[in-house]
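> Okay, handing you the structure first.
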Ligand SMILES: Nc1nc2c(ncn2[C@@H]2O[C@H](COP(=O)(O)OP(=O)(O)OP(=O)(O)O)[C@@H](O)[C@H]2O)c(=O)[nH]1
Ligand SMILES: [Mg+2]
Ligand SMILES: [Zn+2]
Ligand SMILES: [Zn+2]
Ligand SMILES: [Zn+2]
């Protein structure tokens with residue numbers, strides 16, 4: 001008998017499942033991760049609000065490496081290929097992933113584009129996610145690290161309002177700090193809310209106008225890539 | 001609105017679980033059982049809006065194996081704790097153990113799990 005709706009004489013049989021609903025995405029992400037490890041590619045899932053400066057950071061990264069490192073990018077966007085075109089002009093081998101309705105990239109979309117991208121010799125793959133502080137954090141893509149671009153113009157309490165994104169971030173790039181003097185926002189207040197959302201609040205304060213913090217970011221990339229592949233060799 | 005894609009994955013998971021049970025029971029004569037209820041657990045820090053998930057399920061279940069199913073959502077509170085002394089770390093505070101100075105570990109609250117299904121078997 002049914003206790004829930006009193007619908008009559010059916011037998012209800014429980015079936016215990018206990019399965020992660022996104023297990024398929026996680027399997028595909030694991031497959032992507034294998035591709036990256038085999039090829040020595042350090043993959044970054046770059047997330048953040050619309051306009052937080054994700055593409056600008058990647059342009060600055062390419063300029064600062066001066067062609068000394070092989071970079072590739074996949075740029076997720078709802079509707080346009082603008083970011084992929086900007087990155088290609090900056091010297092990064094890039095492809096666009098146009099998601100249409102979807103507010104985030106998933107492992108399958110990334111896997112599909114991976115096999116269209118020439119990955120020979122690539123050391124760093126930047127996956128620029130769709131501008132959104134919620135949905136991209138839910139889907140593993142197979143990246144080695146999650147990086148969130150948070151611009152100072154977004155206010156000091158974004159980490160508290162979007163805790164899921166920041167709980168998963170390995171590094172926050174605090175962008176557009178050249179604008180701080182115009183905003184009357186305090187750096188300490190932003191760092192304080194980051195420490196309440198991130199267990200390990202790694203932050204690099206950065207501006208693509210003038211290049212403050214870009215060297216720290218390159219250092220972080222090289223250190224973390226080296227560590228990632230040391231672990232594999234061990 | 002990734003809640004729609006989560007519902008899609010949920011319906012696929014339900015179909016797979018019911019299919020696996022059918023294969024195990026080996027009674028192909030009986031029509032596929034009706035799914036009566038689906039129980040999921042959603043962590044507070046899973047990045048899923050439960051109200052949107054419920055709405056998405058209402059819309060998306062039509063024509064699927066979940067057409068007649070109710071959705072029960074169990075919301076799991078976030079639980080940060082010290083990986084060394086296992087003391088709970090208060091939300092809203094710094095995510096670091098005040099005694100051990102270890103970064104907090106998320107012990108619960110990021111799950112997106114299909115827990116159980118209830119089937120109508122006549
Ligand atoms: N002043 C200043 N402006 C910046 C900086 N970085 C980016 N911008 C500007 O901010 C705007 C958005 O930058 P994008 O790099 O396109 O941001 P995005 O996060 O890639 O944006 P979407 O991909 O559309 O979500 C552009 O007009 C940039 O020129 C910075 O460091 N300082
Ligand atoms: Mg961009
Ligand atoms: Zn493959
Ligand atoms: Zn979404
Ligand atoms: Zn402790």
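The values are calculated or read from the model by the stated rules, or taken from the named source; none is laboratory data. All values derive from a computational prediction rather than experimental measurement. So basically every Cβ, Gly included, is an ideal-geometry build from the backbone, and we count neighbours across all protein chains shown.
> Going through the range A:150-197 one residue at a time, which ones are surrounded by fewer than 18 Cβ atoms within 10 Å (Cβ to Cβ) and within 16 Å of ligand 2 (Cβ to nearest atom)?
Scanning the range A:150-197 gives a single hit, A:153.
> Are any residues in the range A:203-221 surrounded by 15 or more Cβ atoms within 10 Å (Cβ to Cβ) and free of Cβ contacts under 8 Å to residues at least 60 places away in the same chain, and if so, which ones?
If we filter the range A:203-221 for residues that are surrounded by 15 or more Cβ atoms within 10 Å (Cβ to Cβ), which is where we start, we get A:203-208, A:213-214, A:217-218, A:220-221.
Within the range A:203-221, A:203, A:204, A:205, A:207, A:213, A:220 meet the criteria.
> Residue A:37 passes all but one of (1) at negative phi; (2) crowded, with 16+ Cβ neighbours inside 10 Å; (3) away from ligand 3 (no atom under 16 Å from the Cβ); which number fails?
(3)
> With respect to residue B:112, determine if the residue is under 23 Å from residue A:159 (Cα atoms) and within 16 Å of ligand 4 (Cβ to nearest atom).
On the way: under 23 Å from residue A:159 (Cα atoms): yes; within 16 Å of ligand 4 (Cβ to nearest atom): yes.
So residue B:112 passes the test.
> If you don't mind, another one. Within the range A:85-109, count every residue that is within 21 Å of residue A:151 (Cα to Cα) and away from ligand 4 (no atom under 16 Å from the Cβ).
Adding up the residues that qualify gives 2.
> On to the next question. Hey, does the range B:17-26 have a residue that's within 16 Å of the chain's Cα centre (by Cα) and more than 16 Å from ligand 2 (Cβ to nearest atom)? It would help to see each step written out before you state the result.
To start, the set of residues in the range B:17-26 that are within 16 Å of the chain's Cα centre (by Cα) comprises B:17.
Then keep just the ones that are more than 16 Å from ligand 2 (Cβ to nearest atom); that gives B:17.
Yes, because at least one residue in the range B:17-26 is within 16 Å of the chain's Cα centre (by Cα) and more than 16 Å from ligand 2 (Cβ to nearest atom).
> Ok, one more. Restricting the range A:116-135 to residues that are touching a strand residue (DSSP E or B) at 6+ places or on another chain (Cβ under 7 Å) and farther than 27 Å from residue A:212 by Cα, which is nearest to ligand 2 (Cβ to nearest atom)?
A:117
> Look through A:72, A:23, A:43, A:29 and report the one residue that is within 13 Å of another protein chain (Cβ to nearest Cβ), surrounded by 15 or more Cβ atoms within 10 Å (Cβ to Cβ) and away from ligand 5 (no atom under 16 Å from the Cβ). Quick ask: steps written out before the conclusion?
Details: A:72 fails: within 13 Å of another protein chain (Cβ to nearest Cβ); A:43 fails: within 13 Å of another protein chain (Cβ to nearest Cβ); A:29 fails: within 13 Å of another protein chain (Cβ to nearest Cβ).
Matching residue, one of A:72, A:23, A:43, A:29: A:23.
> Examine the range A:46-68 for a residue that is within 14 Å of another protein chain (Cβ to nearest Cβ), modelled with pLDDT of 95 or more and buried (at least 22 other Cβ atoms within 10 Å of the Cβ), and state whether such a residue exists.
Here is the first cut: in the range A:46-68, the ones within 14 Å of another protein chain (Cβ to nearest Cβ) are A:47.
Remaining after also requiring modelled with pLDDT of 95 or more: A:47.
Okay, now just the ones that are also buried (at least 22 other Cβ atoms within 10 Å of the Cβ), so A:47.
Yes; the residues of the range A:46-68 include at least one that is within 14 Å of another protein chain (Cβ to nearest Cβ), modelled with pLDDT of 95 or more and buried (at least 22 other Cβ atoms within 10 Å of the Cβ).
> Related question: Within the range B:12-42, how many residues are surrounded by 21 or more Cβ atoms within 10 Å (Cβ to Cβ), away from ligand 4 (no atom under 16 Å from the Cβ) and at pLDDT 90 or above?
The number of residues fulfilling the criteria is 7.
> Conditions: (1) more than 14 Å from chain B (Cβ to nearest Cβ); (2) within 16 Å of ligand 3 (Cβ to nearest atom). Residue A:81 meets all but one. Number of the miss?
Going through the list (1) more than 14 Å from chain B (Cβ to nearest Cβ); (2) within 16 Å of ligand 3 (Cβ to nearest atom), residue A:81 breaks only (2).
> If you don't mind, another one. Could you look through the range A:96-116, keep only residues that are away from ligand 3 (no atom under 12 Å from the Cβ) and more than 14 Å from chain B (Cβ to nearest Cβ), and pick out the one that is surrounded by the most Cβ atoms within 10 Å (Cβ to Cβ)?
Quick first cut of the range A:96-116, residues away from ligand 3 (no atom under 12 Å from the Cβ) only: A:96-106, A:109.
Now narrow it down to the ones that are more than 14 Å from chain B (Cβ to nearest Cβ): A:96-98.
On the way: A:96: 20, A:97: 22, A:98: 15.
Looking at the filtered set, the residue picked out is A:97.
> Would you check if residue B:92 is within 13 Å of chain A (Cβ to nearest Cβ), at positive phi and under 24 Å from the mean Cα position of the chain (by Cα)? Even if it seems obvious, please write down each step before you answer.
Working: within 13 Å of chain A (Cβ to nearest Cβ): yes; at positive phi: yes; under 24 Å from the mean Cα position of the chain (by Cα): no.
Here the answer is no, as residue B:92 does not meet what is asked.
> Taking the range B:103-122 only, how many residues are touching a residue at least 12 places away in the same chain (Cβ under 8 Å), assigned to a loop (DSSP other than H, G, I, E, B) and either facing another protein chain (nearest Cβ under 8 Å) or surrounded by fewer than 17 Cβ atoms within 10 Å (Cβ to Cβ) (or both)?
Result for the range B:103-122: 3.
> Is it true that some residue in the range B:69-91 is at pLDDT below 95 and within 19 Å of residue A:165 (Cβ to Cβ)?
So in the range B:69-91, the residues at pLDDT below 95 come out as B:90-91.
Those left that are additionally within 19 Å of residue A:165 (Cβ to Cβ): B:91.
Yes, the conditions are met somewhere in the range B:69-91.
> Exactly one condition in (1) more than 18 Å from residue A:20 (Cβ to Cβ); (2) within 13 Å of chain A (Cβ to nearest Cβ); (3) more than 16 Å from ligand 5 (Cβ to nearest atom); (4) surrounded by fewer than 18 Cβ atoms within 10 Å (Cβ to Cβ) is false for residue B:72; which is it?
(1)
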